[in-house]
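Structure first, commentary second.
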2 protein chains.
Amino acid sequence: MLNQVADLDRVFQALTDPGRRSMIERLSQGPASVSELARPLSMSLAAVVQHVQVLEASGLVRSQKTGRTRTCAINPAALRTAESWISERRTLVERRLDRLGEYLAETAGVPDAWPAGQPPRRSSSDPEENR
Amino acid sequence: MLNQVADLDRVFQALTDPGRRSMIERLSQGPASVSELARPLSMSLAAVVQHVQVLEASGLVRSQKTGRTRTCAINPAALRTAESWISERRTLVERRLDRLGEYLAETAGVPDAWPAGQPPRRSSSDPEENR
DNA sequence: GTAATAGTGAAGCATCCGCTTGACTATTCG
DNA sequence: CGAATAGTCAAGCGGATGCTTCACTATTAC
C-alpha cells in the first residue's frame, strides 16, 4: 500500500496509450491471449508483448502462460486505484463549486462561469486572456 | 464530442506526471496562480508553465490572465471524462467476474483466483508461469 | 518428424517528454 | 522614475517510449 504515487504513475502511464486502452477494452469483455489482443492492432506481435508488459507492470493486467499461449486478464483493483484518485479530486472540486454557486446565487450575467475573486481590472493590451 | 480518443489520450497523458497531479491536487482546493503552483515543486517556473500548458491542452485546467498573474482553475468535466472511461470498464469486469463467481460457486481450493477456462495442463518446464 | 503457431529477447532507431538556461515583456510596488 | 515580480519564448539536452526487425525457443498440429 506504500508508494501509491509510483503506482498511480504507472497506471495512468499505461492508460495513456490508445493501443493499450483498446487492449483493456478487449480484456474487459473477458480474458484473451496475446495474439488475440494483437489481432485488431496493426503492429507487430513483439510490440503487443511490450504493451502487455507495461500493463502488467502497472498492475492493470495479470497474465499466465499455459502451454505456448499467454492468457491475459484485467485486475479491476488497479482500475479502482486510478478511478478513486480522480473521483476524490472531482468531488472536492464539485462540492466547492456548488458552495460557491449557492453563495453567489447570481451576481453577474455569467451563469456558470469563472470562480475568481476580484473584479478583474484588466490591462489595456491583453494578448491572450484565456486559454 | 468527436475525437474522444485523442481527448482521453491527452487527459491520461496529463495525469501521468506526478508534478501535474500535485498541481491538480492543489487546484482542487481552489484556484491558484502559476507561481503558487510552482512553490512546492522544486523546479523552474518555466517548467511549471509548460506543465500548465499540458493541463490546459487536456482540458483539465482553465486559466485566465489578469494583470501579470495567470490564475488556474480545474475543469471538473474533464476529470469526469477520464473517470467514466475507467468506471465503465471496471464495472464491466466486475459484473463479469461476479457472474463467473456465482456460477462456479466453489470449484478448486482457490477462493477468489484465476478466472480461466480450462484446467491448465501445464508443460514440464515452465520458466515463468505468471507475471 | 516436420511444420506451423505463439511468444520471447535484444538491438536499433526516431520521436517525444521533462527540464534547464537565458533573454525578453508586461505589470505592480516603493 | 527604477526595481522587483510574474510570466513567456525558444533553444537545447538527456533519457524514456513506441515501434521495428531478426534470431531464437517452446508447444501444438499434421
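The values are calculated or read from the model by the stated rules, or taken from the named source; none is laboratory data. Here the structure is a predicted model, which is why all the values come from computation and not from measurement. Virtual Cβ from ideal backbone geometry, glycine too; neighbours counted across all protein chains shown.
The residues on offer are A:Arg21, A:Arg70, and the sole one that is among the charged types (D, E, K, R), buried (at least 16 other Cβ atoms within 10 Å of the Cβ) and within 22 Å of the chain's Cα centre (by Cα) is A:Arg21.
Within the range B:33-47, does at least one residue satisfy the condition of being out of contact with any Phe, Trp or Tyr (no Cβ under 9 Å at 6 or more places or on another chain), of a type outside the set (D, E, K, R), buried (at least 17 other Cβ atoms within 10 Å of the Cβ) and over 24 Å from A:Asp7 (Cα atoms)? Yes, the range B:33-47 contains a residue that is out of contact with any Phe, Trp or Tyr (no Cβ under 9 Å at 6 or more places or on another chain), of a type outside the set (D, E, K, R), buried (at least 17 other Cβ atoms within 10 Å of the Cβ) and over 24 Å from A:Asp7 (Cα atoms). Take B:Ala82 and decide whether it is part of a strand (DSSP E or B), among the aliphatic types (A, V, I, L, M), at pLDDT 95 or above and under 25 Å from A:Asp98 (Cβ atoms). So B:Ala82 fails the test. Close Cβ contacts (under 9 Å, 6 or more residues apart or on different chains) running from residues in the range A:8-19 that are touching a residue at least 60 places away in the same chain (Cβ under 8 Å) to residues that are among the aliphatic types (A, V, I, L, M) and not in a helix (DSSP H, G or I) comprise A:Val11/A:Leu60; A:Leu15/A:Leu60.
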